[in-house]
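Bear in mind that the values in this text are calculations on the coordinates, not laboratory data. If you're wondering where the values come from, they're calculated on a predicted model, not measured in any experiment. With ideal geometry, Cβ positions are generated from the backbone for all residues, glycine too; neighbour counts draw on all protein chains shown.
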Amino acid sequence: MRKILILTTGGTIASRPAGKGLEPEAGATMVRAAVDALKPACEVDIQPIAQLDGSDVQPEEWQAFARAVIEACPDYDGIVITHGTDTLAYTAAMLSYMLRACPIPVVFTGAQAPLSRPLSDGSENLRCALAMAQSQKPGVFVAFDRKVILGTRAVKVRTTGFDAFKSVNYPYVGEVNARGLVLNAHLPKRPSQLFSPELRLCKRVFLIKLIPGFNPDVVDLLASLGYKGVVIEAFGAGGMHVIRRDLTDSLERLTRQGIPAVVCSQCLYEHSDLNLYKPGQLALEKGAIPGYDMTTEAAVTKLMWALGQEADLEAVRKIFATNFAGEATLPQAGESR
Ligand SMILES: NC(=O)C[C@H](N)C(=O)O
């Protein structure tokens with residue numbers, strides 16, 4: 001019989017109404033009761049490691065959660081992490097980088113309604129996560145609403161709906177249907193390198209979402225505040241102002257100071273292509289690093305992780321030109337982007 005560990009960290013799934021709205025319970029009473037009621041065909045241990053609303057999960061927690069996985073890895077066939085949905089996609093992306101080549105499935109799940117409510121989605125999500133955790137497919141995943149998403153491709157798209165996560169620019173890893181959890185035949189391959197976790201990260205990364213009229217001085221201000229990296233959610237395929245408020249000049253100044261600026265799109269779907277229009281080409285000439293079709297969550301966490309490896313700007317550029325955990329669709333040979 002397979003052995004699965006559930007690490008609980010809080011979130012709505014394990015919350016109860018308290019004085020100021022829903023709050024995660026101490027311990028794991030509700031998760032234990034829900035798992036027992038599912039009668040899973042595996043042995044399940046449960047270990048509470050945090051008691052946080054997702055909105056309080058920060059880089060310190062990412063490292064603590066990753067450490068808990070590393071410690072448990074040799075004793076289990078799979079690990080489920082219950083987590084608040086608000087930041088679940090960020091944590092899943094960050095752990096995908098930190099735990100690259102992890103030999104077992106690490107599956108995040110949560111709920112939109114607490115397990116204590118009769119119509120909660122929590123039990124169904126736990127059931128799907130436990131099935132994925134037993135799949136022997138190594139990697140970091142998100143199981144939600146009967147679908148499994150690669151850890152670097154999940155985005156929370158609903159505040160309360162049960163179909164809260166989408167797999168962005170990547171097929172679902174698996175879906176539950178009448179046959180059970182059916183996995184996509186084209187899953188990323190079992191990594192060939194040894195599992196050597198890398199938990200260092202840099203917290204001084206800033207995300208800018210452009211709006212028409214964006215003042216590029218803000219970018220220079222970030223450098224003076226000590227930020228080490230910037231992700232820009234640009235317009236469409238990677239557009240930004242080049243008249244009146246030329247952002248590409250600020251990008252050039254960042255680059256000269258060795259501060260990487262990664263350009264993604266504020267469009268959720270499809271990829272950015274900085275070569276397609278003049279503003280993007282100017283940004284590239286001035287040092288911008290293309291974010292391709294990465295989600296914002298995957299780009300921000302990748303930049304934090306890359307900078308944590310004591311990487312200089314050129315090393316970060318190389319890291320962004322490498323697909324570490326299925327986070328980016330890189331251009332094929334001969335394709336510009
Ligand atoms: N559905 C949820 O889990 C939302 C909650 N605020 C959290 O992220 O912890």
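Things to note:
- Each of E25, E175 was scored by other Cβ atoms within 10 Å of its Cβ. Arranged with the fewest first, they read E175, E25.
- Among C128, F165, A34 - extreme Cα towards positive end, dipole of the chain, charges at beta-carbon: C128
- Most positive-pole-ward Cα, P188, A14, A143, against dipole of the chain from beta carbon charges: P188
- Gain upon complete extension [L276, D75; 0.36 nm per residue less C-alpha separation]: 67.4 nm
- Phi-derived couplings, Karplus 6.51 cos²θ - 1.76 cosθ + 1.60 at θ = phi - 60°, listed residue by residue for segment 264-273: 10, 10, 7, 6, 5, 10, 6, 9, 7, 8 Hz, with x used for Gly and Pro.
- Projected-area average for the chain over all orientations - Cα convex hull basis, square nanometres: 17.8
- Linear extension gain, L225 paired with R245, 0.36 nm per residue minus alpha-carbon span: 5.1 nm
- Annotation: the residues C128, C202, C267, sorted from fewest to most other C-beta atoms within 10 Å of their own C-beta, follow the order C267, C202, C128.
- Using 0.36 nm per residue and subtracting the Cα-Cα separation, the extra length available between D217 and Y172 on full extension is 12.2 nm.
- As an equivalent ellipsoid, segment 3-183 spans semi-axes of 21, 18, 17 angstrom, where each value is the square root of five times an eigenvalue of the C-alpha gyration tensor, largest first.
- The helix-only estimate of mean residue ellipticity at 222 nm for the chain, built from DSSP H runs of length n ≥ 4 each weighted as -39500 (n - 2.57), is -8500 deg cm²/dmol after division by the residue total.
- Other-chain or far-sequence residues with amide H under 5 Å of I81's (modelled H): L7, V107, F108, T109
- A cut-off of 5 Å between modelled amide H atoms, ignoring neighbours fewer than 5 places along the same chain, links G229 with F206.
- Charge dipole (Cα centre; +1 on Lys/Arg Cβ, -1 on Asp/Glu Cβ; no other charges) of segment 3-183 amounts to roughly 500 debye.
- The phi-based Karplus calculation (6.51 cos²θ - 1.76 cosθ + 1.60; θ = phi - 60°) puts the 3J(HN,Hα) values of segment 166-182 at 10, 8, 9, 6, 7, x, 4, 6, x, 9, 8, 9, 4, 8, x, 7, 9 Hz, whole numbers, x for Gly and Pro.
- Scanning residues 5 or more positions from I104 or on other chains, those with amide H under 5 Å from its amide H are G139, with H placed 1.01 Å from N in the peptide plane.
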